[in-house]
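The values are calculated or read from the model by the stated rules, or taken from the named source; none is laboratory data. Every value quoted in this text rests on a predicted model; they were computed, and no experiment measured them. Cβ: placed from backbone, ideal geometry, glycine included. Neighbour counts: every protein chain shown. Calculation scope for accessible area: heavy atoms of the full protein, side chains included, ligands and nucleic acids excluded. Shrake-Rupley method; radii C 1.70, N 1.55, O 1.52, S 1.80 Å.
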Amino acid sequence: MVTESTTPTRYSTPHRALKLLVFQPSKTGPLPTPIASAAVQIINAAFGLHTGSRGVFSGPRIWEGTPQLHLELGAGYALVWTLPNDTEKKGEDEVAAFAAVKPKGRGWRQVPSWEGLHPPNPQLPESYGGGGEVKGVCTKRGEEWMESLAKEDTSLALWEIALVAVQPKLRGLGIGTLMLQDAERFLKELDPGSQLPHAPDAKPASNEKQAILAFVVREVGNDAWYSRSGYETISTLRKPYGFWGCVLENGFSLVTMLKEIK
């Protein structure tokens, strides 16, 4: 549950019942225990849906507690959506959904792949970060993005949205789409110059564009969902059997999707 003693930044959302709370644990300390625990439960349930019913991964990739959540967040923001809880103590809200928005740097002159943004991390499970067989293919739209960056002599300030998860009992109500909209609205209010570090070999342009990345698994099917919210497929990486516990003999496609924040 979410108690009124927490002091996150609060934002209004188009859904009158939902409240959006924003935390940045790297600056304000760990998430309140009730929120962190609820977030882990919701994320685990989402992973279970993908691994159990879709037959893509084994495991599932379940977190035992909250430490990995904070490792995942890093310098990023935790976005927590809550709903009034009529069945519990008065004054407490229920965590309905969770997402992470992570800074990926500014000054990018091309759209980076998963490998370019997620080097191996010894603190995370094996085969979680970079590595594994890589067979990358850039889409036509991806090539157009690369060409436009060069032609216009501009660069990208990039964020990544990840760990997007909704309580199982609330799925199918349009909350996930609202979450993407809220995340974009939140990022529009931030100053990339003060919030984003320079990317490796960065060359920020005066007319830099701000964009948000999502890395999705095509075999799970959520790339179509992101497409309906305006995300474009830039490239795909073919990852092998065993990566992230993949049980498919031919591996899976890790898709890089991008949406400009205007």
> When the Karplus curve 6.51 cos²θ - 1.76 cosθ + 1.60 is applied with θ = phi - 60°, which whole-Hz ³J(HN,Hα) does each residue of the range 78-85 get, with x for Gly and Pro?
Replying inline: 9, 9, 10, 9, 10, 10, x, 10
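I need to check one value: relative contact order of the range 151-210, counting alpha carbon pairs closer than 8 Å and at least 6 residues apart, in percent.
Working: 30 pairs, mean separation 42.2, N = 60.
Rounded, it is 70 percent for the range 151-210.
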> Extension gain Tyr241-Leu49, at 0.36 nm per residue separation less the Cα-Cα distance, in nm?
Replying inline: 67.2 nm
> Long-range amide H contacts for Cys246: which residues qualify at under 5 Å (H placed 1.01 Å from N, peptide plane, sequence gap of 5 or more or a different chain)?
Replying inline: Ser58
> Near the amide H of Ser235, under 5 Å away, which other amide H atoms are found, from residues 5 or more places off or on another chain, if H is placed in the peptide plane?
Replying inline: Thr139, Thr256
>> Can you work out the Karplus-derived ³J(HN,Hα) for every residue in the range 41-49? Use 6.51 cos²θ - 1.76 cosθ + 1.60 with θ = phi - 60°, whole Hz, and x for glycine or proline.
In response: 4, 5, 5, 4, 5, 5, 4, x, 4
> What is the extension gain from Thr177 to Val137, computed as 0.36 nm multiplied by their sequence separation minus the C-alpha to C-alpha distance, in nm to one decimal?
Replying inline: 11.6 nm
>> 7 Å from Cα along Cα→Cβ at both Ser58 and Ala202: what's the point-to-point distance in nm?
In response: 4.1 nm
>> Once each part is reduced to its C-alpha centroid, what is the distance from the range 199-262 to the range 133-186 in angstrom?
In response: 7 Å
> Ranked from highest to lowest mean number of other Cβ atoms within 10 Å per residue, what is the order of the peptides 230-239, 166-175?
Replying inline: 230-239, 166-175
> How large is the accessible surface per residue of the range 157-262, computed with a 1.4 Å probe and reported in Å² as a whole number?
Replying inline: 43 Å²
